[in-house]
Amino acid sequence: MPTPILVAELSKLGGVKDQLFVQQTANSIALMARNLSFDGRYMSPFAQRARDYGIRAIGKLKNKRVDRINVINSLLLGGKPDDITVLLATVAI
């Protein structure tokens, strides 16, 4: 299910045929996805799915070291830095 952020960005494309505007919207979506992937407080689809399945893990640590006690006691939050690809097209009739 799309996030409200994604829906808001895509709603700007209603009836737009300008290729540059479509490209700028795709770039904006990719940048937001990248920024949210590093936000340790964002309840991303990845974090939500982990929570739905009862997976408990640590979020991102500043020093990148995992403390076993923290792994046991905290829920996974934040995004999942990964490859980000946005493919966006509009259909005009």
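Fewest neighbouring Cβ atoms within 10 Å first, the residues Thr25, Thr90 line up as Thr90, Thr25.
Most exposed first by the Cβ proxy, i.e. fewest other Cβ within 10 Å, how do Val86, Val16, Val7 rank? Before the final figure, lay out each step's value.
Numbers: Val86 16, Val16 13, Val7 10.
Lowest count first: Val7, Val16, Val86.
Any read-out appearing in this document is the output of simple, stated calculations on the displayed coordinates, not a laboratory observation. On a predicted model such as this, the values are computed, not experimentally measured, just so you know. Note: ideal-geometry Cβ built from the backbone for every residue, glycine included; neighbour counts use all protein chains shown.
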